[in-house]
Amino acid sequence: MSISTTKEGLTASLSRPYTFEGQEYTSVTFNIDDNFTGGQFKQLYRKYIALRKQTDAQSLVMDRMLVTAIINNEFIDFAMCELSHLPLEFFNGLPFKDYIALSGTLQNFFTDSV
C-alpha cells in the first residue's frame, strides 16, 4: 500500500480495486494532513464519545482519555469514516490486508503527532 499526501488529504492506495455500492475504488483519501490540529482531533473524539453514549450505555473511563483513542479500534473505525466520508460498511467489506493498512495509516498519523 502506498500512501501519499495530496491537496485533498492523506491518500492510501488499495492492494486491488474494490467495488462498493457500484463504485470502484483504488484508493481512499482521509481529509487530514499536517495542518490537522489538536482541536480537530478533540472534536473528532467528542463526536465519537457522543455516538458511543447513544449506542453503548457502558462507557469506560478509558474512553475519555485521548491517547487511548489512538489505539482504540472502534475510534479508528469512526475516524476512518468521518475523515473519508465513507460508511463503516465500506471499510468492513475491504480485504483484511487493506483494512489493516488503512487503520494503521491513521494510527500512525495520530501517534506520529503525539
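Read-outs throughout are calculated quantities, based only on the coordinates presented, and are distinct from any laboratory measurement. None of these values were measured; they are calculated from a predicted model. No Cβ is skipped: glycine too gets one built from the backbone with ideal geometry, and neighbour counts run over all protein chains shown.
Taking label positions 7 Å along the Cα-Cβ direction at both Thr5 and Thr26, the computed distance is 2.4 nm, reported to one decimal.
In this rough spin-label picture, where each label sits 7 Å from Cα along the Cβ direction, the Arg46-Ile71 distance is 2.6 nm.
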